[in-house]
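The values are calculated or read from the model by the stated rules, or taken from the named source; none is laboratory data. Treat the numbers as computed from the prediction; the structure is a model and nothing was measured. Virtual Cβ from ideal backbone geometry, glycine too; neighbours counted across all protein chains shown. Surface areas here come from the heavy atoms of the whole protein model, side chains and all, with no ligands, DNA or RNA. Shrake-Rupley method; radii C 1.70, N 1.55, O 1.52, S 1.80 Å.
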Amino acid sequence: MANRTDPLAKSIHGTNPQNLVEKIVRSKIYQSTYWKEQCFGLTAETLVDKAMELDHTGGTYGGNRKPTPFLCLALKMLQIQPDKDIVVEFIKNEDYKYVRVLGAFYLRLTGTIADVYQYLEPLYNDYRKIRHKLSDGQFTLTHVDEFIDELLTKDYSCDTALPRIQKRWVLEASGTLEPRRSALEDDFEEEEEDKEEQPMEIDEPNGHENDNHRGRSPARERDRDRDRDRDRKPERHHRDRDYDRDRDYDRDYGRGRERDRDRDRERDRNRDRDRDRHRLRDDDYNRDRDRDRERDGRERERRDRDRGRHRSRSRSRDRRDRDREDGEYRRRRGRGSASPRGRGEDGGPREEPKRKKEKKEKKGEGNAPDPNDPEIIEMNKLRASLGLKPLK
């Protein structure tokens, strides 16, 4: 609601008054802090106080194209559309130069061609200094008459496209405007009249010298005739002089257009250079980020590979330790070893376990006959009688 045009406002040049400001610039103004805090709820009466606080002119500035307070107040005037009398009072205000400049800028956007020339041309006589903020945020010094000349001769001012107006000599030829009179023209006419009223003081000792004097001053006679013709045809003189001024004005306007074109071309070139610089910076950033990701991936793979190698090494070490423990256990239990059957580890005869030796010894001792046994003695005697060998 704060950005809507007043319902009672009239269309300007067949469109909404706020549409005279480009959409991108208008959106920047709506998003600015000055518009939200200082321009909210302003009326035609309270807007004068804000205009009196202005200390510079300008359009947008900085990398994010921030609008100046001057441009914000101009859009606010387009939104509320003050009466023509209020705008004229803005222009006629001689105490506050920025109020005058703001009213002239608004009238250039919304006024008719006749009103633009009628109210803005007298401001050519205002030579006060004003500050203008450039697109890079720096301030430059200019004058009120230079700002008015920019409004009347150029198509673009304060980052705003100005409506096209006809040339002055076209309006003079059609009778819409009267020939322009310079503020110094009255002073020139007064000086000429003073020169004509002054009597010529000439020494006339005799008539012969007077005749010679009249014969020696044809240039003065021609000047007097020229002044007489100028007095007879002042309108033609003014028209010719205005035509010459307009012709010089058009030539200067063409030069100004060329300067504006060069300035716009340089600004586009700088914008493209900044865009390329940002693109290169983004590419370098993306390249560094990809390089860091690849390095992190390689380090992660190396850590995983080292971890797997360490795991396999520890697993094989555990297996060898377990096998060694099992072998020792088997050897302790007497379940054999990896050496050939019946042989020891050094290739010699394998030593029988202690228990087997004891059993064999007991068995051998149990089976071996005792020679002192009386039964064996009797048996051997019996066998000897029979012719048999004795028992072993």
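The one condition from (1) surrounded by 10 or more Cβ atoms within 10 Å (Cβ to Cβ); (2) modelled with pLDDT under 75 that Arg335 does not meet is (1).
Taken together, Lys10, Lys66 contain a single residue that is among the charged types (D, E, K, R), open to solvent by 50 Å² or more (accessible area, probe 1.4 Å) and either touching a His at 6+ places or on another chain (Cβ under 9 Å) or closer than 17 Å to Asp159 by Cβ (or both), which is Lys66.
Let's see how each residue does on (1) loosely packed, with under 12 Cβ neighbours inside 10 Å; (2) in a loop (DSSP other than H, G, I, E, B):
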{"site": "Asn3", "(1), (2)": "no, yes"}
{"site": "Asn19", "(1), (2)": "no, no"}
{"site": "Ile24", "(1), (2)": "yes, no"}
{"site": "Lys28", "(1), (2)": "no, no"}
{"site": "Tyr34", "(1), (2)": "no, no"}
{"site": "Glu37", "(1), (2)": "yes, no"}
{"site": "Ala51", "(1), (2)": "no, no"}
{"site": "Ala74", "(1), (2)": "no, no"}
{"site": "Leu78", "(1), (2)": "no, no"}
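Among the criteria (1) part of a helix (DSSP H, G or I); (2) over 18 Å from Arg164 (Cβ atoms); (3) charged (D, E, K, R), the one Asp136 does not fulfil is (1).
Within segment 151-183, can you find the residues that are in contact with a helix residue (DSSP H, G or I) (Cβ under 8 Å, 6 or more places away or on another chain) and in a helix (DSSP H, G or I)? Within segment 151-183, Leu151, Leu152, Thr153, Arg168, Trp169, Leu171, Glu172 meet the criteria. A single member of Glu258, Glu358, Glu352 is part of a loop (DSSP other than H, G, I, E, B) and either charged (D, E, K, R) or modelled with pLDDT of 75 or more (or both), and it is Glu352.
Scan segment 91-105 for residues that are open to solvent by 10 Å² or more (accessible area, probe 1.4 Å) and either assigned to a helix (DSSP H, G or I) or of a type in the set (Val, Ile, Thr) (or both) and the total you get is 4. Give the residues of segment 53-71 that are part of a loop (DSSP other than H, G, I, E, B) and in contact with a Pro (Cβ under 9 Å, 6 or more places away or on another chain), sorted by residue number. Correct list: Glu53, Leu54, Asp55, His56, Gly59.
Residues of segment 106-139 that are surrounded by 15 or more Cβ atoms within 10 Å (Cβ to Cβ) and either in contact with a strand residue (DSSP E or B) (Cβ under 7 Å, 6 or more places away or on another chain) or among the hydroxyl-bearing types (Ser, Thr, Tyr) (or both): Tyr106, Thr110, Tyr117, Tyr119, Tyr124, Ile130, His132, Lys133, Ser135. Residues that are at pLDDT below 75, open to solvent by less than 100 Å² (accessible area, probe 1.4 Å), over 30 Å from Gly63 (Cβ atoms) and basic (Lys, Arg): does segment 277-297 have at least one? No, the conditions are met nowhere in segment 277-297. Being among the small types (Gly, Ala, Ser) and in contact (Cβ under 8 Å) with a residue 40 or more places away in the chain is a condition met by at least one residue of segment 114-136.
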